[in-house]
There are 2 protein chains.
Amino acid sequence: MSATIHRIIPAGREPSLEPMMALVAGDMNQVNSVILTRMQSDIPLIPELAGHLIAGGGKRMRPMLTLACARLLDYSGARHHKLAACVEFIHTATLLHDDVVDGSDLRRGRRTANLIWGNPASVLVGDFLFSRSFELMVEDGSLKVLKILSNASAVIAEGEVNQLTAQRQVETSEERYLDIIGAKTAALFAAACRIAAVVAERPEPEELALDAYGRNLGIAFQLVDDAIDYSSDEETMGKGVGDDFRDGKVTLPVILAHARGDAVQKQFWRDAMHGHRITDEDLAHATRLLEDTGAIADTLARARHYGQRAIDSLGGFASGQAKTALTEAVEFAIARAY
Amino acid sequence: MSATIHRIIPAGREPSLEPMMALVAGDMNQVNSVILTRMQSDIPLIPELAGHLIAGGGKRMRPMLTLACARLLDYSGARHHKLAACVEFIHTATLLHDDVVDGSDLRRGRRTANLIWGNPASVLVGDFLFSRSFELMVEDGSLKVLKILSNASAVIAEGEVNQLTAQRQVETSEERYLDIIGAKTAALFAAACRIAAVVAERPEPEELALDAYGRNLGIAFQLVDDAIDYSSDEETMGKGVGDDFRDGKVTLPVILAHARGDAVQKQFWRDAMHGHRITDEDLAHATRLLEDTGAIADTLARARHYGQRAIDSLGGFASGQAKTALTEAVEFAIARAY
């Protein structure tokens, strides 16, 4: 349970995304240009709504990974700009639909599109971005890339449905939960990294190594998100603290605390996930149980386990600026919890 | 305004889809098998929800068109089975999302998926079918087909957003309305027909001729639907009579009646489209206005215009069973109104 990450950055400095952002800054300008051009439409509501989310302060984590992985492989072409934009469009489409599904009203510290323009517009603009993403892939013309991203899209949707059917079920197993986040979150991280190896025309083992890097990073990212929903402040999260709790979202901290709790505690979690424990006192009590059972600490230990696997999957690639930046991105993902 | 279709079937017999269904019956079994196999998932809710709609008595009009057009071109391969399934998956995904957007509770005479399983499940299973459709296309491997269908998907989504922003606006022009239905309905009809020419490796003029056939048929179909919403019974429509009226849907009959009406009538239509005229008496009054202004008759005249163009776009193809069936399908589309 005490897995730690072998940190590569000097003690005293906080891990950050800065090195990766600096590494791909020039490429990211190209990607942003594709995004802005290709989200246009004769129907003004489309760029208006899409732009709200796309311009809304996201980290562009997934396209950044495509770019950084391409840099790791010394890829010198330009195909990855369009494909990184595809990845961001798919991600944006799923966020629009997620916020409808969850009835969310806050994302990245701003009002959600569904709150401003309504659910119908969010559903349909999500569909547009998703279709546009496929149009962009077809323009690139690689059937291999199309296969990776269409498969990732289907897996994401399956993961979302799986999560929906597990909703409020406090007995959800850790295995099932890992399946869910492996699909809904990690599949796109994996695909974003893997397609870099395809455009760079690298052999399959390198494709699979980058896939593993992205997948493990994605799981680590989600687990840390799950933990800090109970411990962070609104500014850090861009959404309210305890939102998962009040929405009855069964995440790994809850699964562990429930599994380790006595009968009274189990009943508390069951009630909470069914929406009967939504006061600030209930949240404080939940946080105490999560601490007492070690559920938060062990969620983070699990996250470090996947983070370390992400880093180790890069073992076969040559050292250099890109590898260092990709490694520090994992450390950053973990460090957000501290 | 008195365009008529040059009927090819004997007087006394009603036009029907039977000849086209008989023509492609064997192929359709293959398509149904692909549909049933490929809508499966480890997440039980997916085939359950998708199956409700897919098995729910639809005519399979769009995949049938792919098959009939392939037959017109004497295509002897099997690629069109998978691609016809793609077309049906795209269509099913848009129906699932449409019913969420419209808050519909009845489709094809049955309760809608969103009513039974909720909006979130319908949104996510729609996303799954859409992604699965792209996976199937990628398996086929034709970039040309991928381009046609990904473009159609983006155009459909744009058309849906366009319709959303025109909602309840009784001043919507006929031009804009034709743009909307050209996108949301006719684009997939056009693509379904066109891809048959691609798999049969026919020259571009034949591709474009089939595209025109499908597009014009799709517009005719939608206009007839719009007309019979005011005149048919629930059994024929599979949804309630006057649903468009009560939902404030600005269709061509309303656009024409409003444009031709006096100030009092214009106010009636404006009120109605804003949901202030929803009684049976209001619907009866609306139907009377539609009759008096010739709005229904002229909507059907417009439909015949597009229907005739669909038929004439087949002029370059050799006569035979397939051409006859495709022609009669147009006559059927129109005849539903009488």
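Rule-based calculations on the coordinates, nothing more; no lab input. All values reported here derive from a predicted model rather than from experimental measurement. Positions of Cβ are generated from backbone atoms using ideal geometry, with glycine treated the same way; all protein chains shown enter the neighbour counts.
Determine the distance separating the Cα centre of the stretch A:33-88 from the Cα centre of the stretch B:107-124; give it in Å without decimals.
Result: 33 Å between the Cα centres.
Between residue A:74 and the same site in the other copies, what are the distances in nm, shortest first, taking label points 7 Å from Cα along the C-beta direction?
5.6
Could you identify which residue out of B:251, B:92, B:165 has the top mean-square fluctuation in a GNM of chain B using Cα springs shorter than 10 Å?
Maximum fluctuation in the GNM of chain B, among the listed residues, is at B:165.
Between the label point of residue B:108 and that of the same position in each other copy, find the distances and list them shortest first in nm, with every label point placed 7 Å from Cα along the Cα-to-C-beta direction.
3.9
What does the charge add up to near residue A:245, with Lys and Arg as +1, Asp and Glu as -1, over the other residues with Cβ less than 9 Å from its Cβ?
On the way: positive: A:246, A:249, A:277; negative: A:229, A:243, A:244, A:247, A:282.
Within the 9 Å Cβ shell, the charges total -2.
So what is the calculated 222 nm ellipticity per residue for the protein assembly as shown, using -39500 (n - 2.57) for each DSSP H run with n of 4 or more, over all residues, to the nearest 500 deg cm²/dmol?
Values: 34 runs with 476 residues, N = 676.
One gets -22500 deg cm²/dmol as the mean residue ellipticity at 222 nm.
If we count other beta carbons within 10 Å of each Cβ, what is the order of B:148, B:90, fewest first?
In order of increasing Cβ crowding within 10 Å: B:148, B:90.
From largest to smallest, what semi-axes in whole angstrom does the protein assembly as shown give when each is the square root of 5 times an eigenvalue of its alpha carbon gyration tensor?
Working: eigenvalues 464, 175, 94 Å².
The answer is 48, 30, 22 Å, longest axis first.
Return the long-range amide H neighbours of residue B:107 (sequence gap of 5 or more, or a different chain), with a cut-off of under 5 Å between placed amide H atoms.
B:112
Put a label point 7 Å from Cα along the Cβ direction on residue B:175, then list its distances to the equivalent points in the other copies in nm, shortest first.
Spelled out, the distances from residue B:175's label point are 6.3 nm.
With the dipole of the stretch A:18-330 worked out from charges on the C-beta (+1 for Lys and Arg, -1 for Asp and Glu) around the Cα centre, which of A:91, A:220, A:142 lies farthest toward the positive end?
Value: A:142.
Which of the trypsin sites (Lys or Arg not before Pro) across the stretch A:59-168 are loop residues per DSSP, with 13 or fewer other Cβ within 10 Å?
Working: sites: A:59, A:60, A:71, A:79, A:82, A:107, A:108, A:110, A:111, A:132, A:144, A:147, A:168; in loops: A:59, A:60, A:108, A:168.
Passing both the DSSP loop test and the Cβ count: A:59.
Please list, in order along the stretch B:328-333, the HN-Hα scalar couplings obtained from phi with the Karplus expression 6.51 cos²θ - 1.76 cosθ + 1.60 (θ = phi - 60°), rounded to whole Hz, x for Gly and Pro.
Karplus-based 3J(HN,Hα) across the stretch B:328-333 equals 5, 4, 5, 4, 4, 4 Hz.
What net charge is computed for the residues neighbouring residue B:159, neighbours being all others with C-beta under 12 Å from the C-beta of residue B:159, Lys and Arg scored +1, Asp and Glu -1? Mind showing how you got there, number by number?
Details: positive: B:176, B:184; negative: A:42, A:127, B:98, B:158, B:160, B:179.
Summing Lys/Arg as +1 and Asp/Glu as -1 gives -4.
Could you size up the charge dipole of chain B around its Cα centre, putting +1 on the beta carbon of Lys and Arg and -1 on that of Asp and Glu, and report it in debye to the nearest 20? Each step should come with its number before you reach the end.
Numbers: 35 positive and 46 negative charges, 121 e Å.
Around 580 debye, computed over chain B.
In whole Hz and in residue order, list the ³J(HN,Hα) couplings for the stretch B:224-231 that follow from phi through the Karplus curve 6.51 cos²θ - 1.76 cosθ + 1.60, θ = phi - 60°; x for Gly and Pro.
Each residue of the stretch B:224-231 in turn: 5, 4, 4, 5, 6, 4, 9, 9 Hz.
Give the distance, in whole Å, between the Cα centre of the stretch B:140-188 and the Cα centre of the stretch B:312-338.
What the calculation gives is 24 Å, centre to centre.
Run the reach check for residue B:147 against lysines, Cα to Cα strictly under 24 Å, same-chain hits fewer than 8 apart removed. What comes back?
A:82, A:144, A:147, B:82, B:184
Under a GNM of chain B (C-alpha, springs under 10 Å), which listed residue has the highest mean-square fluctuation: B:210, B:65, B:49?
Checking each option, the largest mean-square fluctuation is seen for B:49.
Quick check for me: using +1 on Lys/Arg Cβ and -1 on Asp/Glu Cβ, what's the dipole size of the protein assembly as shown about its Cα centre, in debye to the nearest 20? Could the numbers behind the result be given before it?
Numbers: 70 positive and 92 negative charges, 231 e Å.
Its charge dipole is roughly 1100 debye.
Can you check what the net charge comes to around residue A:46, using other residues whose Cβ is under 12 Å from the Cβ of residue A:46 (Lys, Arg +1; Asp, Glu -1)? Walk me through the intermediate numbers first.
On the way: positive: A:38, A:132; negative: A:42, A:48, A:127, B:158, B:160.
Charge balance near residue A:46 sits at -3.
For residue B:241, what residues show an amide H to amide H distance below 5 Å, using hydrogens built from the backbone and excluding near sequence neighbours?
Here the answer is B:234, since their amide H atoms fall under 5 Å of that of residue B:241.
Give me a comma-separated list of calculated 3J(HN,Hα) values for the stretch A:280-291, in order, Karplus coefficients 6.51, -1.76, 1.60 applied at θ = phi - 60°, integers in Hz, x for any Gly or Pro.
4, 5, 4, 5, 4, 5, 4, 4, 5, 4, 5, 5
If we count other beta carbons within 10 Å of each Cβ, what is the order of A:171, A:158, fewest first?
A:171, A:158
Just want the ordering: B:204, B:48, from fewest to most Cβ atoms lying within 10 Å of their own Cβ. Write down the numbers at each step before the final one.
Values: B:204 10, B:48 16.
Fewest-to-most ranking of B:204, B:48: B:204, B:48.
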